[in-house]
Structures are given as C-alpha cells and as structure tokens.
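The values are calculated or read from the model by the stated rules, or taken from the named source; none is laboratory data. In this text the structure is predicted, and so the values were computed from the model without any measurement. Glycine gets a Cβ as well: all are built from the backbone with ideal geometry, and neighbour counts include every protein chain shown. Remember, those area values only see protein heavy atoms, side chains included, never the ligands or the DNA or RNA. Shrake-Rupley method; radii C 1.70, N 1.55, O 1.52, S 1.80 Å.
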Amino acid sequence: MTMAASQAPVGEALATLRAEAQDVVRSLRERVAKLDDDGIDLILRQARSHYAWQDKPVSRDTLELLYEITAAGPTSMNTCPARFFFIESQAAKEQLAKSLKDKNIDKMMSAPVAVIIAHDLDFWKELPFLFPHEDRRPHFEGKPEHSETTAFRNGTLQGAYFMIAARALGLDVGAMSGFSNKIVDEEFFAGTTLKSNFLCNLGYADESALFQKLPRLPFETACKFL
C-alpha cells in the first residue's frame, strides 16, 4: 500500500527540524563516542552465522523493534525498498521449504522465525512520503532496469542492517542463499512487484552446533590506498 505524501517543512519549521537533528547527533556523540570491544564483538567481530536453534520464541514486540532499528539505516534517496516477511507458522515454513536445498530445510524448519528479505521494484511510488522535499519519482518511473538495480542494492544494504540490528538486540542470525529465488517468488509474491533477495533464520542459537570460525582476508589483500 502506498503511503500518503507528507508535506515537506519549509522556512522556520525546516530550520527548527534541522537544528533538532543536529542536536540529537551531537548529544549522542557526547554520550557514546564509539562502541566498546564487547559491543563490536557482539555485532560483528565475534558474531557467527547459526544454523541450530533453542526452542525459544522471538516475540512480536522484538520483531517490531528489530524493524524499527533496521529502517533507520541509510539508503539511496531514502528509498527503503526492502520488505521483510516473518515466516513463523508451520504451514508457511512448509511453503518456504519448497524453495530450499535439502541441507537447508532442517535449519530453517527448526528456527523460531525464518525471514524472507525481499525488495519492492515499485519502491519509488513511496517516495512522496519518504523523500517529500523533492519529487524523485521521475528518476525511476518507466525505468525498470534502474529501478531493479536500485532496489536490489539498497534492499541488500537493509538486509545487512537487519542482521546487525538483530545481533545488537541479543538475537542470532543465519543467512541462507541455498534456495531458489524463483520458487520463493512464485510461492509468496506471485502477481506483485516484490522479489526475494535472501533468507535469514532468526532466533536464539544453540551454540553446540558451531565449528571454528573461518579465516577472513587480511587488510593487505582486501584493501588498497590510492
């Protein structure tokens, strides 16, 4: 459903909002200059992908908070193309299982929540609400390739924000790409402008299934100064 356009603030109202936004950032930096090592370890450095789960549900309130945090992440022109489908019921999981490679079915079925991270190719129709100070719809209307590239890139960014936000809330994640996007789209998004990107299991992990962490490329291999 397309949201109604919001009136872009102007003049004194705009100046007030900008000043308030700047004060929020300055205040935050005064309180927290950076995350400590434990915080960094939790969200990335020592975080792991999980595929075994405790029998412990994830509350709807937690999922709503997770989306709220995820939605705060930046996207190009605030396009926010990602859409998140929380698969909880047995019937929905069985429907999703049709798309999975055999080795991934048990991983998904045992997770408290499986999430389809998708993007809407018609994301640009929401821009009057998301980007009210200028009409950017002509950048995308009638340009399906540009729309699809923008939706995929920014939806993927939002998927990454989602995983980091989940870890920040004490949840564990296990992203999966061993599935058929075509089958997911046929099962869940037929007749819509939505396309699946990747899947992510979500819950509280059973760490006994972990193995040693795999290596990462060193700085010298992955990075260059130009």
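Data overview
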{"read-out": "Any pair with Cβ under 9 angstrom, 6 or more apart, that starts in segment 205-226 at a residue that is more than 20 Å from Asp172 (Cα to Cα) and of a type in the set (Gly, Ala, Ser) and ends at one that is modelled with pLDDT of 95 or more and in a loop (DSSP other than H, G, I, E, B)", "value": "Ala222/Arg216"}
{"read-out": "Whichever residue in segment 25-55 is in a loop (DSSP other than H, G, I, E, B) and open to solvent by 80 Å² or more (accessible area, probe 1.4 Å) and, among such residues, is nearest to Ser177 (Cα to Cα)", "value": "Tyr51"}
{"read-out": "Lone qualifier among Ala151, Ala118, Ala160, Ala165 - being surrounded by 19 or more Cβ atoms within 10 Å (Cβ to Cβ), over 19 Å from Ser99 (Cβ atoms) and within 12 Å of the chain's Cα centre (by Cα)", "value": "Ala165"}
{"read-out": "Members of segment 56-81 found to be of a type outside the set (Gly, Ala, Ser) and open to solvent by 50 Å² or more (accessible area, probe 1.4 Å), listed by number", "value": "Lys56, Pro57, Arg60, Asp61, Glu64, Leu65, Tyr67, Glu68, Ile69, Pro74, Asn78"}
{"read-out": "In segment 179-194, the residues that are farther than 17 Å from Ala151 by Cβ and open to solvent by less than 60 Å² (accessible area, probe 1.4 Å)", "value": "Phe179, Ser180, Ile183"}
{"read-out": "Identity of the residue in segment 96-113, over 20 Å from Lys56 (Cβ atoms) and touching a helix residue (DSSP H, G or I) at 6+ places or on another chain (Cβ under 7 Å), that ends up surrounded by the fewest Cβ atoms within 10 Å (Cβ to Cβ)", "value": "Lys98"}
{"read-out": "Candidate set from segment 1-24 (those that are in contact with a helix residue (DSSP H, G or I) (Cβ under 8 Å, 6 or more places away or on another chain) and among the polar types (S, T, N, Q)); member that is most open to solvent (accessible area, probe 1.4 Å)", "value": "Thr2"}
{"read-out": "Residues within segment 57-98 that are touching a strand residue (DSSP E or B) at 6+ places or on another chain (Cβ under 7 Å) and of a type outside the set (A, V, I, L, M), tallied", "value": "8"}
{"read-out": "Of the criteria (1) under 20 Å from Thr156 (Cα atoms); (2) buried (at least 16 other Cβ atoms within 10 Å of the Cβ), which one Arg136 fails", "value": "(1)"}
{"read-out": "Lys93 surrounded by 16 or more Cβ atoms within 10 Å (Cβ to Cβ), without any contact (Cβ under 8 Å) to a residue 60 or more places away in the chain, charged (D, E, K, R) and in a helix (DSSP H, G or I)", "value": "yes"}
{"read-out": "Identity of the residue in segment 1-21, within 26 Å of the chain's Cα centre (by Cα) and without any contact (Cβ under 8 Å) to a residue 12 or more places away in the chain, that ends up farthest from Ala165 (Cα to Cα)", "value": "Met1"}
